[in-house]
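Computed from the coordinates by the stated procedures, all read-outs in this text should not be read as laboratory data. What you see is a predicted model; the values in this text were computed from it and never measured. Note that each Cβ is placed from the backbone with ideal geometry, even for glycine, and that neighbours are counted across all protein chains shown.
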Protein chains: 2
Amino acid sequence: MLPIEQLLSEHAEIIEKRLDALTSVSDSDYPALFSSVRYSLLSGGKRIRPFLTLAFSELFDGDETVALELGCALEMIHTYSLIHDDLPCMDDDDLRRGKATNHIVYGEATAVLAGDALLTEAFTVASAPSIPAEIAAPAIRLLAHAAGCFGMIGGQMIDLRGEDERLDFEALLEMHAKKTGALIRAACLLGCLSAGITDPDDVRYQAAVSYADNLGLAFQVIDDRLDAVGSEEALGKPIGSDRESGKTTFLSFMSPEQALDYARDLTEQAKQALALFPARTPLCELADYLLARSH
Amino acid sequence: MLPIEQLLSEHAEIIEKRLDALTSVSDSDYPALFSSVRYSLLSGGKRIRPFLTLAFSELFDGDETVALELGCALEMIHTYSLIHDDLPCMDDDDLRRGKATNHIVYGEATAVLAGDALLTEAFTVASAPSIPAEIAAPAIRLLAHAAGCFGMIGGQMIDLRGEDERLDFEALLEMHAKKTGALIRAACLLGCLSAGITDPDDVRYQAAVSYADNLGLAFQVIDDRLDAVGSEEALGKPIGSDRESGKTTFLSFMSPEQALDYARDLTEQAKQALALFPARTPLCELADYLLARSH
């Protein structure tokens, strides 16, 4: 196991434990809601987003307790988006990472409400009295902006449009920057916030934005390339599903080799963004690790 | 026009104007999202919830600019809940107040996302830099709690259960306290927050809770009574629709006359809760006005 795999796994365990505690309810008149929430939230995974929050908090000597809460809030928002994206009226997916999707198990009404609940309770977590108000308020602004009309939801609207028409390269970049990039950027910036870094002109803030945006885009390029040439095992879904569904991807504009070069270049830029900071090693190793998925 | 009708109408105009400004976007790659959000949000109505926020802010000499922002955030959450409640997988309603519901006009995918967007952007509004962080953080905690698993979403879960089985009186009370009562209570408490009142032991805080809970319950009793004996015009939906759908209502437990007495009693208690405060007149008139709907 690589050092970064070890680190990811240790952090994932801490995050999983906290998400479990945040959503555990001993008694309720509607246990199905909590089962449904926990079914999707506690389904394992690498927890890349809250890992980024914790890693940037460590890089800049932030408050790790605050970083863990904010990272968990972000992961709850990420999970809500997966539940709603899978709904019959959206992508209509029955499986996610080999498991039945939320609405298949709990029915559509409960799945809609479980998504609503995760989105709502993320803000309960981020506004808890244990987080100083002068960190909570900008953190919530960041979360809501990343998840809202000009972030994730906007990206999903472009993605839905892409089902009917071919996107141009600019629209593809905008779609990814919003649909997945916005939350990845927020994850890194929440780590900065936990260290009291709130000024967009701060060199550390700007480094986090640059790292996040390059990493997020590299991740999408690798994902598209894997869909075209990777193994089903590495991908967790059937090969070629993007092409079959007629979706615009990076492979609509470049060859698999060019995509790999593009992802390598973006990864290099992500690492370069942190060049000023000696403790950047885990974040650089993460970028290399995500790139290595595509080999 | 009664003084309270005049006051409601004046406040509704201010609130409508602010909601318009908060959601107006000059240029976007996905105009349907904003149209869909604004279709449901700017559909008029009495704006009782943000009125309550403004009225409690005035009662306790709060900051009215802060109260308007928080009241608008709450109204956005209320509107999201209506859009999601109307979805085919929930109540499957084609009409609301005589207008086609959001998913009928914009399709299910956009309606789900418009609801998600309103919920998310409510927290953008409540965390705006114009609101002091020491008010924003508890306000967001209040909003998220009222809208979440132990508030509105919990109430909707009980309501869905009520479609399959008869609720007992206690469950009916819990359903209403959560499904609609929680947001009404939050509306009043946000007004208190805008005046710096955050301590649950403060007599003003407790008065707001008691007023809100009695008013909210009276409103539901009146609504159920109207459904059984009122005119279609006053109700905005066909008479007897609750009985036809087999829903448990207050009329499952009492006669229309008993329901009226119950609502009168609750209204009296709401007004009594504010007895200490000389400037309570508009809030008392509102309670009487809502009761008068049932005659």
Shape call for the stretch A:30-176, from the Cα gyration tensor axes a ≥ b ≥ c (a/c under 1.5 means rounded, otherwise prolate when a/b beats b/c, else oblate), comes out oblate
Taking a ≥ b ≥ c as the square roots of the eigenvalues of the Cα gyration tensor, with a/c under 1.5 meaning rounded and otherwise prolate when a/b exceeds b/c and oblate if not, the stretch B:102-221 is oblate
Determine the relative contact order of the stretch A:93-200: mean sequence separation of Cα pairs under 8 Å and six or more apart, normalised by residue count, in whole percent.
-> 22
Under 12 Å, Cβ to Cβ, from residue A:198 - net charge with Lys/Arg +1 and Asp/Glu -1 | -2
What 222 nm value per residue comes from the helices of chain B, counting each DSSP H run with n ≥ 4 as -39,500 (n - 2.57) and dividing by all residues, nearest 500 deg cm²/dmol?
-> -21500 deg cm²/dmol
Using unit Cβ charges (K, R positive; D, E negative) and no other charged atoms, how large, in debye to the nearest 20, is the dipole of the protein assembly as shown about its Cα centre?
-> 400
Sequence-separation-based contact order of the stretch A:3-292, relative, with Cα cut under 8 Å and 6+ spacing, percent = 18
Neighbouring Cβ atoms within 10 Å as the yardstick, rank B:267, A:249 fewest first.
-> A:249, B:267
Per residue of A:124-133, other chain Cβ atoms within 10 Å number on average 5
Within 10 Å of each Cβ in B:33-44, the average number of Cβ atoms from other chains | 1
Does a label point 7 Å from the Cα of residue A:128, set along Cα-to-beta-carbon, have any residues of the stretch A:24-40 with amide nitrogen under 15 Å, and which are they?
-> A:24-25
Shortest first and in nm, the label-point separations between residue B:168 and its counterparts in the other identical copies (7 Å out along Cα→Cβ) come to 6.6
Separation between the residue A:199 and residue B:105 pseudo-spin-labels, each 7 Å from Cα along Cα→Cβ, expressed in nm?
-> 4.6
Given charges of +1 on the Cβ of Lys and Arg and -1 on the Cβ of Asp and Glu, with all other atoms neutral, how large is the dipole of the stretch B:3-292 about its Cα centre, in debye to the nearest 20?
-> 240
Please give the FRET efficiency for residue B:253 paired with residue A:61, using the beta carbon to beta carbon distance and R0 = 51 Å, rounded to the nearest 0.05.
-> 0.25
If we count every other residue with Cβ under 14 angstrom of residue B:75's Cβ, Lys/Arg +1 and Asp/Glu -1, where does the sum land?
-> +1
Cα shape, the stretch A:3-292, gyration tensor, a/c 1.5 rule | oblate
When the Kirkwood radius is taken over all Cα pairs of the protein assembly as shown, what Stokes-Einstein diffusion coefficient follows at 20 °C and 1.002 mPa s, in µm²/s?
-> 86
Inter-copy spacing of residue A:256 label points, which lie 7 Å from Cα along Cα→Cβ, given in nm from shortest upward = 7.3
Would you mind ranking B:116, A:164, B:223, B:92 so that the residue whose beta carbon has the fewest other beta carbons within 10 Å leads the list?
-> A:164, B:92, B:223, B:116
Arrange B:264, A:166, B:225 by Cβ neighbour counts within 10 Å, fewest through most, would you?
-> A:166, B:264, B:225
Charge sum, other residues only, whose C-beta stays under 12 Å from residue B:272's C-beta, Lys/Arg counted +1 and Asp/Glu -1 = 0
For the charge dipole of the stretch B:1-153, defined by +1 on Lys and Arg C-beta atoms and -1 on Asp and Glu C-beta atoms about the Cα centroid, which residue among B:106, B:52, B:31 has the Cα displaced farthest towards the positive pole?
-> B:52
Inter-chain shielding of B:157-169 (mean C-beta neighbours from other protein chains, 10 Å cut-off) | 2
Over the stretch B:1-160, calculate the relative contact order: mean separation of alpha carbon pairs under 8 Å at least 6 apart, over the residue count, as a percent.
-> 21
Considering only Cα-Cα distances, which of the following residue pairs are longer than 26 Å: A:179/B:178; A:178/A:271; A:179/A:271?
-> A:179/B:178
